[in-house]
1. Taking only DSSP H segments of four or more residues, each worth -39500 (n - 2.57), what value at 222 nm results for the chain once the sum is divided by all its residues, to the nearest 500 deg cm²/dmol?
2. May I ask for the equivalent-ellipsoid semi-axes of the chain, computed as the square root of five times each C-alpha gyration tensor eigenvalue and listed largest first in whole Å?
3. Using a 7 Å offset from the Cα along the Cα-to-Cβ direction at both residue 401 and residue 219, what is the distance between the two label points in nm, to one decimal?
4. Hey, what angle do you get for helix 180-194 against the long axis of the chain, alpha-carbon based, 0 to 90 degrees rounded to 10?
5. Roughly speaking, what is the stretch gain from residue 38 to residue 325, that is 0.36 nm per residue apart minus the C-alpha to C-alpha distance, in nm to one decimal?
6. So if we plug the beta-carbon distance of residue 144 and residue 173 into 1/(1 + (r/R0)^6) with R0 = 35 Å, what FRET efficiency do we get, rounded to 0.05?
7. Of 4, 136, 49, 386, how do they rank once you tally other Cβ atoms within 10 Å and put the fewest first?
8. Determine, from the Cβ-Cβ distance of residue 415 and residue 303 and an R0 of 41 Å, the FRET efficiency 1/(1 + (r/R0)^6), rounded to the nearest 0.05.
Ligand code: URA
């Protein structure tokens, strides 16, 4: 018989006590086995939401999440491993460019990714618009591709931190997602289990991110960096601004096309700047002294991208699907663009069919938004602000309704702020 009771553990956290290691180990294990009920875990999550976990409790909680599944072994590869994780933004197609770029500089990038939910897109949804490309690889296939090509973007296997899937689904329906210890343990348990030696966290902050203030972003970043370092993963966080969408394209195939532009040394400057900033930090962490800008401009990053897509059955030369219907949103007046609201654009892309509300929903390959203006641009009445793409009239109408407030015009000169904000390293 167990020496613990779920009710006692819940009450202890509710009253602000520190949970003992063996109580955390017991309750997570019992939850996986189904011996702790969903309503009891819901109550504990809410108690953690309000009272937090201290650093030691968080370490134990994260260790238990890692121990709930397998841990990949990426040792013995001929290149050092380094990964990137983004907390999610609108138009965030950086992984598609960054993984081959950092591989072209000599590192191995094991990117285990997910699908999008809500207004932020998922890397797998974007790559799945490439005909033939497959997201699921066995551990051996992944290791082999890392050695041969240097970059893999694939679906995180069901075996990594499986308790996170159960906990995340429960947090989603109990209002307990936005807790720093719960977010940190969720993200870091999967990244640590993946086996990368080094990790750069892109913590998005602003209107289109799920963290809206710089103070919260700092706290989340510092907590995740500390968890990574405690587990022997060299971890640095880069805070990046997510007030306006990243680049011009928001939507699955649209973002692949824009990524290929950047891989050719062209494309929107903000996408290039964030990619290069993250690439430099990743390379620093593993001691590689290559200039990533040169690898974009001389075509070597694009060459690795082609190999990465081909290795997973995709055709890098295939024409991507385009949505049936297109609409152009015009400026109602002259003025200077004061803001392009990333959240609004993300929700519009989602309404157009590019995103999903529930994780089993399908996504449209071709739907999305092209943002034709940025903060600080001068526009005239009648000038195009956005192009909207959808597969049918209902989605187009729904997207058209939500985009109408995305741009604010004014008379003040406006300049988009910095995108690369501060970096947070281990203390
Ligand atoms: N992404 C995750 O994987 N987990 C969270 O809790 C939040 C974002």
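1. -13500 deg cm²/dmol
2. 36, 26, 21
3. 3.6
4. 90
5. Additional length available on full extension: 98.9 nm.
6. 0.35
7. Least crowded to most crowded, the residues run 136, 4, 49, 386.
8. After rounding, the FRET efficiency stands at 0.70.
Read-outs throughout are calculated quantities, based only on the coordinates presented, and are distinct from any laboratory measurement. Because the structure is a prediction, the values reported are computed rather than measured. We place every Cβ from the backbone using ideal geometry, glycine too, and count neighbours over all the protein chains shown.
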